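Before anything else, here's the structure in question.
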Amino acid sequence: MWFPLKSALALAVLAAMAAAVRAQAPASPPPDGPRYVVTYIEVKPTTAVEAQKLLRAFRDTTRKEAGNLRAEALQRIGQINHFVLLEAWKDQAAIDAHFKAQTTAEFRDKIKAIQNAPIDDRVHFPLSVGPVELKATAAAVAVVTHVDVIPPQRENGTAFTKQLAEESRKEAGNMRLEALTQVNRQNHFTVIEVWRDRNAADVHSMAEHTRVFRDKLAPAAGALYDERFYRFMD
């Protein structure tokens, strides 16, 4: 059968994409062990102070739960109605119990009443992390970045995200750097950086290994590079 040139080219591109997807190795089951939860929260701008109180109380309650290794509440710099909860847990069972807890349900009901967007939970396993007990100082700046690569680039994305974490952790201004793989979408990653101050974060952004990572990511990316700056809530 004869096809116009444009149609033939389109079919060839589709066939190549299908072959790439078929050639991709299936994702491995998530390993047992620690889990990290990144929860994005956006409330109405007029309710930012109310949200702060709710987040502090929920963070403090979460720290007392069985299996919790760390719980932190952060507020976005420049957008005070945006927050993120960073939690580390002993295992998946501990997270499941946390999500089912009455205190979690009550907190989410209160947030739902003032939210601008639904709560967004991302559960991860560690790709490259340091000691979980490392704490941030009051002056520290946190950077939380969602990294998304297209499924055929999952293995490459895993490799260069891990490399970024291991090289960045050596920088003088770094206090903590965690590269995480999302449990249910292993071509999605979250990179959590904690820097001594904003200047240290800026120095990191200009480092050779950071720019190499961005160069590698660009052709593999499945979404906009989502980098957000936060301050820890006391």
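Hey, among A94, A71, A88, which residue is of a type in the set (G, A, S), surrounded by 15 or more Cβ atoms within 10 Å (Cβ to Cβ), free of Cβ contacts under 8 Å to residues at least 40 places away in the same chain and under 20 Å from R35 (Cα atoms)? So that I can check it myself, show each step before the final result.
Details: A94 fails: free of Cβ contacts under 8 Å to residues at least 40 places away in the same chain; A88 fails: free of Cβ contacts under 8 Å to residues at least 40 places away in the same chain.
Result of the check over A94, A71, A88: A71.
Cβ-Cβ distance below 7 Å, separation of 6 or more or different chains: which pairs start in the range 113-136 with a residue that is in a strand (DSSP E or B) and end on one that is among the aromatic types (F, W, Y)?
Here the result reads D120/Y40; H124/Y36; P126/Y36; L127/F189, each pair linking the range 113-136 to a residue that is among the aromatic types (F, W, Y).
Would you tally the residues in the range 70-109 being over 15 Å from A48 (Cβ atoms), basic (K, R) and outside any loop (DSSP other than H, G, I, E, B)?
In the first step, residues of the range 70-109 are kept if they are over 15 Å from A48 (Cβ atoms); the result is 70-72, 85-109.
So of that shortlist, the ones also basic (K, R) come out as 70, 90, 100, 108.
Now narrow it down to the ones that are outside any loop (DSSP other than H, G, I, E, B): 70, 100, 108.
Counting residues in the range 70-109 that are over 15 Å from A48 (Cβ atoms), basic (K, R) and outside any loop (DSSP other than H, G, I, E, B) gives 3.
If you scan the range 198-212, which residues turn out to be under 13 Å from E171 (Cβ atoms) and of a type outside the set (S, T, N, Q)?
Let us first name the residues in the range 198-212 that are under 13 Å from E171 (Cβ atoms), namely 199-210.
Of everything in the range 198-212, those that are under 13 Å from E171 (Cβ atoms) and of a type outside the set (S, T, N, Q) turn out to be A200, A201, D202, V203, H204, M206, A207, E208, H209.
Looking only at residues that are at pLDDT 95 or above and of a type in the set (K, R) in the range 19-50, which one is surrounded by the fewest Cβ atoms within 10 Å (Cβ to Cβ)?
Start the filter on the range 19-50 by keeping residues that are at pLDDT 95 or above, which leaves 33-50.
From the residues that got through so far, the ones that are of a type in the set (K, R) too are 35, 44.
Values: R35: 25, K44: 13.
Taking the candidates together, the pick is K44.
Another question, if that's okay. Tell me which of these R231 doesn't satisfy, since it passes every other one: (1) under 24 Å from R35 (Cβ atoms); (2) part of a strand (DSSP E or B).
Result: R231 passes all but (1).
Further question on the same structure: I want to confirm something. Restricting to the range 124-156 and keeping residues that are hydroxyl-bearing (S, T, Y) and farther than 21 Å from R63 by Cβ, which single residue is surrounded by the most Cβ atoms within 10 Å (Cβ to Cβ)?
Looking only at the range 124-156, we keep the residues that are hydroxyl-bearing (S, T, Y), and these are 128, 137, 145.
Those still in the list that are farther than 21 Å from R63 by Cβ too: 128, 145.
Working: S128: 19, T145: 17.
By that ranking, first place goes to S128.
The values are calculated or read from the model by the stated rules, or taken from the named source; none is laboratory data. Worth saying up front: this structure is predicted, and the values here are computed from it rather than measured. Using ideal geometry, Cβ is built from the backbone for each residue, glycine included, and neighbour counts are taken over all protein chains shown.
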